[in-house]
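Taken together, the values in this text are just the output of simple stated rules run on the coordinates, not laboratory data. As the structure is a computational prediction, the values presented were derived from the model and not from experiment. Note that we place each Cβ from the backbone using ideal geometry, even for glycine, and neighbour counts take in every protein chain shown.
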Amino acid sequence: MKILLVYPKYLDTFWGFKHALKFISKKATQPPLGLLTVAAILPKEWEKKLVDMNVATLIDKDIEWADFVFISAMSIQKTSVKEIISKCKKMNIKIVAGGPLFTTGYEEFEDVDYFVLNEAEITLPSFLEDLRNGCAKHIYTSKEFPDIGKTPIPLWELVNMKKYVSMNLQYSRGCPFNCEFCDIITLFGHKVRTKSKDQILAELESLYSRGWRGGVFFVDDNFIGNKRKIKMEILPAVIEWMERKRYPFSFDTQASIDLSDNEELMQLMFKAGFNSVFVGIETPNEESLTECNKIQNKNRDLVSCVKKIRKFGLEVKGGFIIGFDNDSPSTLERLTTFIQESGIITAMVGLLNAPSGTRLFHRLTKEGRLLKSMSGDNTGFSINFIPKMDYETLINGYKRIISGIYSPKPYYERVTKFLKEYQPRVPRFHFGYIRFHFGYPGAFFKSLWFLGIKDKARVYYWKLFFWSLFRHPQLFPSAITFSIYGFHFRKTFEKYLKKSFPDTVQVTST
């Protein structure tokens, strides 16, 4: 049997870092971990090929070669998914579809032959057994959550690692919290399921043995969902492995804000090689936090929490949402102030959307406010329900927020604030740190040309360049990296403005 695994193309958003990737000659941030895991579950004797459309073009010969095309996708890839399905149907190739997009909305895709939904560890073997016996059904689904302690190592041999910025690894599924807008509970449940330390070390060893050196992203929706196991088993094992291997990797992940309450956990993460953590902050408005049941963020000085995590050597990247029922124009103004005060450089601000199956989705359906299925592009101007705030007021407020945080002056001020406050508790002179920051000399020289000469914001680039070089030389590589990030954020938002609001003044104006 010949299996073609296809990962659809993402829309161009803040999250894709399209304009930043050009500086380091990479095509995408990470490979499709889900499809690589599916490939490892398929029979070993089957032939398998992977086409990640974010790094390569899907051509007719690829499809003609296959007996089946397997597609996995998220909502933001829906446009590309429909194009793939259309192409496969014209060529009369059977399609097997799974992943979050199909699990929560398979009804939209009538031309898919087989849906293997929910988690593949349970539903894929059932499909394969029926396929072998000639009685495969149209839909395979399950309300059970598998023991991921039996999940195989992803089939890394299908990937050209040189095309990506970092590799990825999953330690856990599920989240102990239950935010109204989040579909993690819908997809993976409330109970946190984890892999063993032996599995994690085996996956690290697999990446290492294939020659990977660089970033590894733990894709967990909440890495610290089971704090005791992380502290007592996983991180000590990773620390020992990293020391023995002379720090070949640097790690990033996602976690809830209560990470700031646990100094021992932050110390262990830093010692293990973690450089940053993405935190869903959402909003500084207490009423909106209550509305969406973001209980872990309530009754906190969120700016202090961010700064505390930073003190332990972890950069905080923040997710923010506007459009809650309790938001007001003044709430939107407060958000810009909050982001500037916190010094969060990578601040991903998006419009609230209601993913299918979430509590928010069901509430808005009952209230008659749901408009359509979501595009997944919450960093554009897409919203799939009728907000309480006037729509035009909300969109204009969103534009002001993005302009207020990603225009050159406020953005570079935030970078400077971050670098002044960022003081790792122990020096990072191990090889992984050096490789992580100095592994792309080409990016430095490209930044001199594109940011230091061609960019209209070059005066801010040179101010940061010389300030960091002479005042904080140990953080100079980070200053260049953040300058490149800022270029990406400005370019991406300009694209949205031109597409949706052709007469809007560009965000790069100063």
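For H362 and K27, FRET efficiency with R0 = 60 Å and r from the beta-carbon atoms, rounded to 0.05?
The computed FRET efficiency comes out at 0.95.
Report, by chain and number, residues whose modeled amide H sits under 5 Å from the one on G215, excluding near sequence neighbours (fewer than 5 apart, same chain).
M167, S250
Mean 1/r over all different Cα pairs, inverted: what Kirkwood radius does the stretch 2-140 give, in Å?
When all Cα pairs of the stretch 2-140 are included, the Kirkwood radius is 15.5 Å.
If packing is taken as the average number of other Cβ atoms within 10 Å across a peptide's residues, how do 240-248, 396-404 rank, most packed first?
Packing proxy ranking, top to bottom: 396-404, 240-248.
With bins 5 Å wide starting at 0, give me the P(r) of the stretch 190-309 over every alpha carbon pair, in whole percents.
2, 10, 20, 22, 18, 12, 8, 5, 3, 1
Show me the helices of the chain, taken as full DSSP H stretches, that run 24 Å or more along their long axis by Cα and average -1.0 or above in Kyte-Doolittle hydropathy.
476-500
Answer with a single label: of (i) 57, 27, 22; (ii) 35, 28, 24; (iii) 44, 28, 23, which was calculated as semi-axes √(5λ) of the Cα gyration tensor in Å from the structure in view?
(ii)
Where both partners of a DSSP beta bridge lie in the chain, what percent of those bridges are antiparallel, to the nearest 5?
In the chain, DSSP labels about 5 percent of beta bridges as antiparallel.
What pairs in K48/K90; K311/K417; K307/K399; K409/K495; K49/K191; K26/K417 have C-alpha atoms more than 25 Å from each other?
K307/K399; K49/K191; K26/K417
Report, in whole Å, the centroid distance computed from the Cα atoms of the stretch 1-29 and the stretch 63-128.
19
Listed here are the pairs K227/K317; K197/K420; K150/K231; K87/K143; K27/K94; which of them are more than 30 Å apart at the Cα?
Going by Cα-Cα distance, K197/K420; K87/K143 fall outside the 30 Å limit.
Give me the number: length gained by fully extending E110 to M91, i.e. 0.36 nm times residue separation minus the C-alpha to C-alpha distance, one decimal in nm.
5.2 nm
Relative to the Cα centre, what is the charge dipole magnitude of the chain, using +1 at the beta carbon of each Lys and Arg, -1 at the beta carbon of each Asp and Glu, and rounding to the nearest 20 debye?
1840
As an exercise, use a Förster radius of 41 Å and the Cβ-Cβ distance of K61 and E287 to find the FRET efficiency, rounded to the nearest 0.05.
For K61 and E287, the calculated efficiency is 0.15.
So for each of 321-331, 57-67 I average, over its residues, the number of other beta carbons within 10 Å; can you give me the resulting order with the highest mean first?
Highest to lowest by the protection proxy: 321-331, 57-67.
Show me the trypsin sites (Lys or Arg not before Pro) within the stretch 275-370 that DSSP assigns to loop and that have at most 13 other Cβ atoms within 10 Å of their Cβ.
K298
If the chain between E157 and I295 were fully stretched, how many nm would it gain, using 0.36 nm times the residue separation less the Cα-Cα distance?
Here the answer is 45.5 nm.
Starting from the 7 Å offset along Cα-to-Cβ, what nm value, one decimal, do you get for the label separation of I139 and K409?
5.6
Shape call for the stretch 223-372 from the C-alpha gyration tensor, a ≥ b ≥ c root eigenvalues: rounded (a/c under 1.5), prolate (a/b greater than b/c) or oblate?
Verdict is prolate for the stretch 223-372.
Using the alpha-carbon centroid of each, what span in Å lies between the stretch 435-484 and the stretch 234-254?
Answer, in whole Å: 28.
Roughly how many nanometres apart are two label points built 7 Å out from the Cα toward the Cβ at K491 and K417?
Placing both labels 7 Å along Cα→Cβ, they lie 2.6 nm apart.
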